[in-house]
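Asker: Here it is: the structure, laid out below.
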Amino acid sequence: MDKLERLLNLTATLLDTERALTADEIRELVPGYPDNPASFRRAFERDKDDLREMGIPIRLEPVHGEERPIDGYRIHRSEYYLADPGLEPDELAALNLALRAVRLDGIQGVEALWKLGGAVEVEGPASEVASLPSEPALVPLFGAILDCRTATFEYRSSERTATRTIDPYRLDYRRGHWYVTGLDHLTGQRRQFRLDRIIGQVQAGEPGEFERPADVAFEDSQPWELGEGEPVTVRLLVDEPQAVWAARQLGDEAMVERRDDGSAVFEVDVVNWPAFRGLALSYLDHAEVLEPAELRDDVVAWLEAIEAR
Amino acid sequence: MSRVSASARLRRILALVPWLASRPDGAPIDEICQRFGVERDQLLADLDVLWMVGVHPFSPDELIDVIIDDDRVSIRLADWFRQPLRLTPDQALALVATGQSLAAVPGSDPDGPLARGIAKVAAVLGVEADALEVELGEAEDELVQTLQRAVDARRRVHLDYYSYGRDELTGRDVDPLRVFAEGGQWYLHGYCHLSEDERVFRIDRIRDLEVLDVSTDGTARPEVSGVFQPSAETPRVVLDLAPPARWVVEQYPTEVVEELEGGALRATLAVSSLAWFERLLLRLGPDVTVVEGPDELLRAGRHAARRVLARYRSR
């Protein structure tokens, strides 16, 4: 018998049944298995692995109505079926176009489309318009977000590596990196983690371990805004034409003065001074920190140390 | 025919049958083949298996009914397979991530079919669409759209472009070939008439843009190319990076990385522009030592520091 036929019969049987079926019952009900018990076992185990690998949720649960406790198998229809999203043809076409126009490294989407009605002809750019990297943690974290499962992983921050457990709420791709935002069990605070700093595998818990809150936004902070301590207002002078890009990086509202020669003065609240110093120096000799005096002196001292090496 | 694994055939059948079963008149074989990416003879072989499928006791009125007539296929009584299998996490990710990425392209309609499609898929997954959001780059929407229109209309553009690497602003005529986003930035790939060569420009460094009344028909359309490929002639440096500077090897393509004592690293980098290297050295300060490299790069930190100090001392 074609293995496909046996797999289809097994799936139909496990979906059709009203209660869990023992392995012996399955051997009787589903044609195509060898008679020899050991061969049957092997074939059945392989079939279960194949089906589970496809995402078919075969459950192992007690069979009711038996004198001694015995386990059996079934598929709960509510866990198997994809509810119809009710996609209009133009909406399905748009999703098709997205899968063609955007490359997500190592992730194939075509079978997702099959479950929505198959690939359709689309008009649109022939070439890719965007490409995104993938991280090993991406799929497990997205799965955890969908099912409200906790996620545990090894995370490398600048000082050390530590184990974190979070309730993951959302994924964001910003500035070329993937971030997960969630409730950090250690601190009880919402935190963001960069996926390329996760080492090894993500361990996910059980479905429904937490409730996702309604308003979870991505905290888009600049490096100099992060950290503990009181912010200090720094004034930075930037020449033309770099002033245009400084305005983009610091925000137009940070520009407090525009001079005749085109240069601009920015006022920025800084918590992490080394991060802001790095930004100021990235303009090389086209920018200078004006105030406060002690931070201007710090820049001079920093540069003198480099000059002396 | 059994080159394709039984699992692969099963995945396709479990998707294709619900779709067919929802159509009382079925569908033409060609359409099924196109939608589900299957060759005609493979499809017919799989359908051949299907009409023997059922559950015990396999009475004829409980078997799946496959009718092939005049090159159309229709299916009845496929009760257990009336709906497709739910999306696996990687499939769900593919749909939502690519959908949100395309929705993040400037000019995308926030109320259009793509946005609606993503919202519907998110709903069956049990989440809001904002469970995954994408920002492709920080260039101005107007610029990205204007350049894409210039690509489509095959028009030359004039750019005032700030070369971050060379630290200078120049005007150039460019035949735009492709607009794309990668690594969190928007880029224009085009033929630059100033350099007389293909160049990749970061769109957020375009100061001014004018679409010219010149057709670019005749400029060859290139293959997709990576954004930065160091050549063999690009100078290399060897840097010792103290622990706070380890991020350099995450951020920039490095060729050789060696662990040193105390959490430090020794890394070899290609340096394609002096200004870029100066910025890195000034930012890292005492956390970097240039161990090896051409003279100009060995001196680069000192010279850049001196230049910036001159500005601070002139006040």
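The values are calculated or read from the model by the stated rules, or taken from the named source; none is laboratory data. Since the structure is predicted, the reported quantities are computational estimates derived from the model, not experimental observations. FYI the Cβ positions are ideal-geometry reconstructions off the backbone, even for glycines, and counts take in every protein chain you see. For accessibility, only protein heavy atoms count, side chains too; no ligands or nucleic acids. Shrake-Rupley method; radii C 1.70, N 1.55, O 1.52, S 1.80 Å.
Asker: Give me the residue from region B:257-299 that is at the interface with chain A (Cβ under 10 Å from one of its Cβ atoms) and among the small types (G, A, S) and, out of that set, nearest to A:A301 (Cα to Cα).
Answerer: The extreme case among them is B:G285.
Asker: Test A:L8 against the criterion of being free of Cβ contacts under 8 Å to residues at least 24 places away in the same chain, out of contact with any strand residue (DSSP E or B) (no Cβ under 9 Å at 6 or more places or on another chain), crowded, with 18+ Cβ neighbours inside 10 Å and within 7 Å of chain B (Cβ to nearest Cβ), and give yes or no.
Answerer: So A:L8 fits the description; yes.
Asker: Okay, moving on. Keeping to region B:63-116, report how many residues are more than 7 Å from chain A (Cβ to nearest Cβ), open to solvent by less than 20 Å² (accessible area, probe 1.4 Å) and in a helix (DSSP H, G or I).
Answerer: Of the residues in region B:63-116, 2 are more than 7 Å from chain A (Cβ to nearest Cβ), open to solvent by less than 20 Å² (accessible area, probe 1.4 Å) and in a helix (DSSP H, G or I).
Asker: I need the full set of residues from region B:288-305 which are of a type outside the set (A, V, I, L, M, F, W, C) and closer than 12 Å to A:R309 by Cβ, in order please.
Answerer: B:T289, B:R299, B:G301, B:R302, B:H303
Asker: Looking only at residues that are without any contact (Cβ under 8 Å) to a residue 12 or more places away in the chain and under 14 Å from A:Y169 (Cα atoms) in region B:119-148, which one is farthest from the other protein chains (Cβ to nearest Cβ)?
Answerer: Here the residue is B:E128.
Okay, residues lined up against (1) under 18 Å from A:A280 (Cα atoms); (2) open to solvent by 60 Å² or more (accessible area, probe 1.4 Å):
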position	(1), (2)
B:D240	no, no
B:A267	no, no
B:A275	yes, no
B:P286	yes, yes
B:H303	yes, yes
B:R307	yes, yes
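Asker: Within region A:200-209, identify whether any single residue is under 18 Å from the mean Cα position of the chain (by Cα), within 30 Å of A:C148 (Cβ to Cβ) and open to solvent by less than 50 Å² (accessible area, probe 1.4 Å), and answer yes or no.
Answerer: Yes, that holds for at least one residue.
Asker: Quick check on this structure: which one of B:D160, B:D167, B:D173 is away from chain A (no Cβ under 13 Å) and either within 24 Å of B:W276 (Cα to Cα) or among the charged types (D, E, K, R) (or both)?
Answerer: After ruling out the rest, the residue left standing is B:D173.
Asker: When you scan region A:224-235, do you find a residue that is of a type in the set (F, W, Y), at pLDDT below 95, open to solvent by less than 50 Å² (accessible area, probe 1.4 Å) and touching a helix residue (DSSP H, G or I) at 6+ places or on another chain (Cβ under 8 Å), even just one?
Answerer: Yes, region A:224-235 contains at least one residue that is of a type in the set (F, W, Y), at pLDDT below 95, open to solvent by less than 50 Å² (accessible area, probe 1.4 Å) and touching a helix residue (DSSP H, G or I) at 6+ places or on another chain (Cβ under 8 Å).
Asker: Which members of region A:237-287 meet the condition of being open to solvent by 10 Å² or more (accessible area, probe 1.4 Å) and in contact with a Gly (Cβ under 8 Å, 6 or more places away or on another chain)?
Answerer: Within region A:237-287, A:D239, A:E240, A:P241, A:V271, A:N272 qualify.
Asker: Moving to a separate point now. Given the criteria more than 19 Å from A:L14 (Cα to Cα), aliphatic (A, V, I, L, M) and open to solvent by less than 60 Å² (accessible area, probe 1.4 Å), does B:A45 qualify?
Answerer: Against the criterion (more than 19 Å from A:L14 (Cα to Cα), aliphatic (A, V, I, L, M) and open to solvent by less than 60 Å² (accessible area, probe 1.4 Å)), B:A45 qualifies.
Asker: Moving on. Residues that are more than 20 Å from A:E79 (Cα to Cα) and in contact with a Ser or Thr (Cβ under 7 Å, 6 or more places away or on another chain), at least 1 per element: which helices (runs of 4 or more DSSP H) completely within region A:1-57 meet that?
Answerer: In region A:1-57, A:23-29 are the helices (runs of 4 or more DSSP H) which contain 1 or more residues that are more than 20 Å from A:E79 (Cα to Cα) and in contact with a Ser or Thr (Cβ under 7 Å, 6 or more places away or on another chain).
Asker: Being touching a strand residue (DSSP E or B) at 6+ places or on another chain (Cβ under 7 Å) and open to solvent by 60 Å² or more (accessible area, probe 1.4 Å): is that true of A:E135 here?
Answerer: No, not satisfied.
Conditions (1) within 10 Å of another protein chain (Cβ to nearest Cβ); (2) among the aromatic types (F, W, Y); (3) in contact (Cβ under 8 Å) with a residue 24 or more places away in the chain, marked per residue:
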{"position": "A:D35", "(1), (2), (3)": "no, no, no"}
{"position": "A:E45", "(1), (2), (3)": "no, no, no"}
{"position": "A:G55", "(1), (2), (3)": "yes, no, no"}
{"position": "A:R59", "(1), (2), (3)": "no, no, yes"}
{"position": "A:D71", "(1), (2), (3)": "no, no, yes"}
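Asker: What number of residues within region A:288-309 are among the acidic types (D, E), under 23 Å from B:T289 (Cβ atoms) and open to solvent by less than 70 Å² (accessible area, probe 1.4 Å)?
Answerer: The number of residues fulfilling the criteria is 2.
Asker: Applying the selection to region A:73-87, what residues are more than 7 Å from chain B (Cβ to nearest Cβ), open to solvent by 20 Å² or more (accessible area, probe 1.4 Å) and in contact with a Pro (Cβ under 8 Å, 6 or more places away or on another chain)?
Answerer: A:H76, A:E79, listed by residue number.
Asker: Name the residue, out of B:D30, B:D25, that is in a helix (DSSP H, G or I) and either open to solvent by 40 Å² or more (accessible area, probe 1.4 Å) or more than 9 Å from every other protein chain (Cβ to nearest Cβ) (or both).
Answerer: One residue alone meets the criteria, B:D30.
Asker: Next question, about the same structure. When you go through A:V122, A:V129 one by one, which is the residue that is open to solvent by less than 50 Å² (accessible area, probe 1.4 Å) and more than 7 Å from every other protein chain (Cβ to nearest Cβ)?
Answerer: Exactly one residue qualifies, and that residue is A:V122.
Asker: Being more than 20 Å from A:G176 (Cβ to Cβ) and aliphatic (A, V, I, L, M) is the filter here; which residues of region B:148-200 pass it?
Answerer: Within region B:148-200, B:A150, B:V151, B:A153, B:V157, B:L159, B:L169, B:V174, B:L177, B:L194 qualify.
Asker: Give the residue that is least open to solvent (accessible area, probe 1.4 Å), with candidates limited to residues of region A:14-32 that are facing chain B (nearest Cβ under 9 Å) and farther than 16 Å from A:L4 by Cα.
Answerer: Result: A:L15.
Asker: Given the residues A:I107, A:I145, which is the only one that is at the interface with another protein chain (Cβ under 7 Å from one of its Cβ atoms), farther than 19 Å from B:A115 by Cβ and part of a loop (DSSP other than H, G, I, E, B)?
Answerer: The unique qualifying residue is A:I107.
Asker: Return the residues of region A:110-125 that are part of a helix (DSSP H, G or I) and either of a type in the set (D, E) or out of contact with any Pro (no Cβ under 9 Å at 6 or more places or on another chain) (or both); say none if nothing qualifies.
Answerer: Passing the criteria: A:V110, A:E111, A:A112, A:L113.
Asker: In region B:117-145, what residues are aliphatic (A, V, I, L, M), part of a loop (DSSP other than H, G, I, E, B) and over 22 Å from the mean Cα position of the chain (by Cα)?
Answerer: B:V127
Asker: Hey, another quick one. Determine whether region A:91-100 contains at least one residue that is out of contact with any His (no Cβ under 6 Å at 6 or more places or on another chain), more than 7 Å from chain B (Cβ to nearest Cβ), within 29 Å of B:E135 (Cα to Cα) and basic (K, R).
Answerer: The answer is yes, given that some residue of region A:91-100 is out of contact with any His (no Cβ under 6 Å at 6 or more places or on another chain), more than 7 Å from chain B (Cβ to nearest Cβ), within 29 Å of B:E135 (Cα to Cα) and basic (K, R).
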